[in-house]
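Notes follow the structure.
The values are calculated or read from the model by the stated rules, or taken from the named source; none is laboratory data. Keep in mind it's a predicted model, so treat the numbers as computed, not measured. Cβ placement follows ideal geometry from the backbone for every residue including glycine, while neighbour counts extend to all protein chains displayed. All accessible areas refer to the heavy atoms of the entire protein, side chains included, with ligands and DNA or RNA removed. Shrake-Rupley method; radii C 1.70, N 1.55, O 1.52, S 1.80 Å.
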Amino acid sequence: MKPAPFRYERPATLEAVLALLDAHGAQAEILAGGQSLMPMLALRVARPDLVIDINRIAGLGDITAIPDGGVRIGARARHAEVMASPLVPALMRSALAHVAHPAIRNRGTLGGSLALADPAAEMPCCMVALGARIVTLSSRGETHHDAASFFHGLYSTARRPDEMILRIEIPPLGPQWRFAFLEEARRLGDYAIAGVALAMGAGEVRLAFCGVEPAPRCLPATEALILAGADPLPGLVELAPMDSDDAPEAYRRHLAGVLLKRALREVGHG
Amino acid sequence: MDNQTLSIACTINDRAIRATIPVRQSLVDFLREGVGLTGSHVGCAHGVCGACHVVVDGVVVRGCLILAVQADGAEISTIEHAATTSIGAALQAAFFERAALQCGFCTSGMILQAAELLAQNPEPSRDEIRAALSGNLCRCTGYHAIVDAVQMASARLSDIAP
Ligand SMILES: Cc1cc2nc3c(=O)[nH]c(=O)nc-3n(C[C@H](O)[C@H](O)[C@H](O)COP(=O)(O)OP(=O)(O)OC[C@H]3O[C@@H](n4cnc5c(N)ncnc54)[C@H](O)[C@@H]3O)c2cc1C
Ligand code: FES
Ligand code: FES
């Protein structure tokens, strides 16, 4: 057995999860799909006292249409379920094809991916581009976060230790919206070196990158250039790309520009 | 805390199994060490290689990325059971005939993942086969023969399908 010892609980209700989070918060890890937590336990980079398995809570993975438009996705919806859902914007479905591999998508969840906030992960930047709302829950009640302000940096979010992600709400985006998700990765299913999520409506554009900066965010200068019909690349000076030996800052910046141009072409703009 | 254990009951390859196991044991370790089913392999134990694939409640999962206690109440099937399905049997025959294995370490994971693909998409293209098997690493055969074998099984199964 590779993980360090931990205590394991599998509550059947949200109330029981919240009570455990209240008592153990920072010493506890929620176990959703386990596709990131289990490797972290095996490598002992995570050594929680308590693992709270949320897989027994009924309805936590439901995907439902919001009556006045949009879609509500339960935090524990598996990547494969989101990918197969006709309710979900095409942007998410095409981005999920780049997320890991089939067996991992059969277990991994949307809530887990957003809670982890890997800088190279595809779902966080899609949430920003879609203008999604991330709803967390604690014994104090629900908190609604705009995706654009939820991701704070490397593996860091607005979620507090006593909160869990409960659901994600995607606003209605009518048929005039066009989407493109493109990424560059070493091999299919690897985390992105750089990726772009683009959503374009009538007189509105939203874009966000993954793998470029420590966290996805809105890029107002670049968006303004696109709306004005100008060359968007000068706008990318607002990016402060990450730097690593395998993907230096200049390379990530270059990829961001190339991917953005291709994405704009894909939605029929430029 | 060191040795928390839990009792589980599940069905493994149509056999009812009860066991009391440490909570931090992975499903693949339990299957190999607790149940004696050694067809699922452990290459990396942290999600990278796909050698540990097993089927839990109808979907293929990484056996090293799910705790055995999470399989309480589940229906599990492993490579040892693959020959009982037409897709599994066709894949096993095609892998043998097309020499799509050398050491065989990756083969059980490859076959279970390919079986899920053929159940969802009976006549996949080579690109679709490669995408489906992108999370299964083979260190000796090379992937061409493996893709060939999946295509061979797919062609044979479509011939016999009505
Ligand atoms: C080989 C491999 C390749 C991968 N490639 C990619 C890839 O290309 N792109 C990508 O995006 N991902 C990739 N992943 C990760 C995968 O998408 C994970 O499933 C995902 O990042 C985490 O989701 P999970 O449900 O498995 O979360 P878990 O592993 O269960 O949890 C991850 C973290 O989130 C916390 N958490 C989970 N759910 C909640 C919740 N509801 N509320 C609060 N906190 C919660 C946990 O406590 C933990 O800290 C890969 C994984 C592997 C093993
Ligand atoms: S042993 Fe599970 S993926 Fe390698
Ligand atoms: S046959 Fe040896 S690893 Fe694939």
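Some observations on this one:
- Residues in the range B:25-58 that are polar (S, T, N, Q) and open to solvent by 40 Å² or more (accessible area, probe 1.4 Å): B:THR38 only.
- Test set (1) within 25 Å of B:LEU117 (Cα to Cα); (2) touching a strand residue (DSSP E or B) at 6+ places or on another chain (Cβ under 8 Å) - A:ASP49 fails condition number: (1)
- Meets criteria (in contact with a His (Cβ under 9 Å, 6 or more places away or on another chain), under 30 Å from B:ASN121 (Cα atoms), open to solvent by 10 Å² or more (accessible area, probe 1.4 Å) and not hydrophobic (A, V, I, L, M, F, W, C)) for A:SER113: yes
- Selection count, the range B:1-12, where residues are open to solvent by 30 Å² or more (accessible area, probe 1.4 Å) and either outside any loop (DSSP other than H, G, I, E, B) or under 20 Å from B:VAL55 (Cβ atoms) (or both): 5
- Residue check for B:VAL48: within 16 Å of ligand 1 (Cβ to nearest atom) and within 12 Å of chain A (Cβ to nearest Cβ): yes
- Restricted to the range B:13-24, and to residues there that are outside any loop (DSSP other than H, G, I, E, B) and within 14 Å of another protein chain (Cβ to nearest Cβ), the residue that is surrounded by the fewest Cβ atoms within 10 Å (Cβ to Cβ) is B:THR20.
- Restricted to the range B:59-162, the set of helices (runs of 4 or more DSSP H) holding at least 1 residues that are in contact with a helix residue (DSSP H, G or I) (Cβ under 6 Å, 6 or more places away or on another chain), under 19 Å from B:HIS46 (Cα atoms) and not assigned by TED's automatic domain parsing to the domain that holds B:LEU31 comprises B:107-120.
- Residue match in the range B:25-42 (condition: away from ligand 3 (no atom under 16 Å from the Cβ), assigned to a strand (DSSP E or B) and outside the structural domain of B:ALA119 (by TED's automatic domain parsing)): yes
- Under the condition of being open to solvent by 60 Å² or more (accessible area, probe 1.4 Å) and among the aliphatic types (A, V, I, L, M), the residues counted in the range A:87-100 number 1.
- Selected residue [more than 11 Å from ligand 1 (Cβ to nearest atom) and not charged (D, E, K, R)] from A:THR109, A:THR13: A:THR13
- Set B:ALA131, B:ALA99, B:ALA74: member being small (Gly, Ala, Ser) and under 16 Å from the mean Cα position of the chain (by Cα): B:ALA74
- B:LEU118 vs. criteria within 16 Å of ligand 2 (Cβ to nearest atom), within 14 Å of another protein chain (Cβ to nearest Cβ) and touching a residue at least 24 places away in the same chain (Cβ under 8 Å): no
- Cβ separations smaller than 7 Å between residues 6+ apart or across chains give the following pairs from the range B:92-110 residues that are without any contact (Cβ under 8 Å) to a residue 40 or more places away in the chain and under 14 Å from B:THR141 (Cα atoms) to residues that are away from ligand 1 (no atom under 16 Å from the Cβ) and not aromatic (Phe, Trp, Tyr): B:GLN102/B:CYS140; B:GLN102/B:THR141; B:CYS103/B:CYS140; B:THR107/B:LEU101.
- Filter result for B:GLU80 (acidic (Asp, Glu), at pLDDT 95 or above and within 16 Å of ligand 3 (Cβ to nearest atom)): no
- Taking the criterion of being touching a Cys at 6+ places or on another chain (Cβ under 6 Å) and facing chain A (nearest Cβ under 9 Å), the only residue of the range B:63-74 that qualifies is B:CYS64.
- Whether a residue is within 30 Å of A:LEU18 (Cα to Cα) and within 15 Å of the chain's Cα centre (by Cα) was assessed, and A:PHE209 does not pass this test.
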